[in-house]
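Engineer: Sharing a structure below in structure tokens format, with a few things to ask.
Read-outs throughout are calculated quantities, based only on the coordinates presented, and are distinct from any laboratory measurement. If you're wondering where the values come from, they're calculated on a predicted model, not measured in any experiment. Ideal geometry is used to build each Cβ from the backbone, glycine not excepted, and the neighbour counts take in all protein chains shown.
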Amino acid sequence: MRRFEVVSLDMFQTLVDVNSRVEQIWRPILSDTYTAHKAEECARLLLHYFFKHWPEQKSNPPFF
């Protein structure tokens with residue numbers, strides 16, 4: 001997996017329906033290791049860690 005940084009999250013999916021663009025989002029990130037199953041797994045982990053750390057991070061000014 002390539003290193004990347006999240007610049008912003010479209011919390012309400014006003015810019016794009018990410019569920020319809022799973023491959024376009026995850027293939028560049030996972031590179032040669034991309035599979036549909038791995039993309040789904042990474043998406044679940046992303047949400048898990050996001051919501052786990054959200055309460056702590058939302059009060060941290062650099063987060064926004």
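Engineer: Check segment 29-48 and report whether any residue there is within 14 Å of the chain's Cα centre (by Cα) and among the polar types (S, T, N, Q). Full working, then the answer.
Structural biologist: Our first condition is that a residue be within 14 Å of the chain's Cα centre (by Cα); within segment 29-48, this holds for 29-30, 38-48.
Those still in the list that are among the polar types (S, T, N, Q) too: none.
The answer is no, given that none of the residues of segment 29-48 is within 14 Å of the chain's Cα centre (by Cα) and among the polar types (S, T, N, Q).
Engineer: Follow-up. Select from segment 29-60 the residues that are among the aromatic types (Phe, Trp, Tyr) and under 20 Å from ARG3 (Cβ atoms) and write down the one among them that is surrounded by the most Cβ atoms within 10 Å (Cβ to Cβ). Break it down into steps so the answer makes sense when it comes.
Structural biologist: Filtering segment 29-60 down to residues among the aromatic types (Phe, Trp, Tyr) leaves 34, 49-51, 54.
This time we only want the ones that are under 20 Å from ARG3 (Cβ atoms), so: 34, 49-50.
Working: TYR34: 16, TYR49: 10, PHE50: 13.
Result: TYR34.
Engineer: Select from segment 41-64 the residues that are of a type in the set (Asp, Glu) and within 28 Å of ARG27 (Cα to Cα) and list them in ascending order.
Structural biologist: Just the residues of segment 41-64 that are of a type in the set (Asp, Glu), to begin with: 41, 56.
Of everything in segment 41-64, just one residue is of a type in the set (Asp, Glu) and within 28 Å of ARG27 (Cα to Cα), namely GLU41.
Engineer: To continue, here is another question. Name every residue in segment 8-23 that is assigned to a helix (DSSP H, G or I) and more than 12 Å from the chain's Cα centre (by Cα), in order of residue number.
Structural biologist: Of all residues in segment 8-23, those assigned to a helix (DSSP H, G or I) come to 18-20, 22-23.
Correct list: SER20, GLU23.
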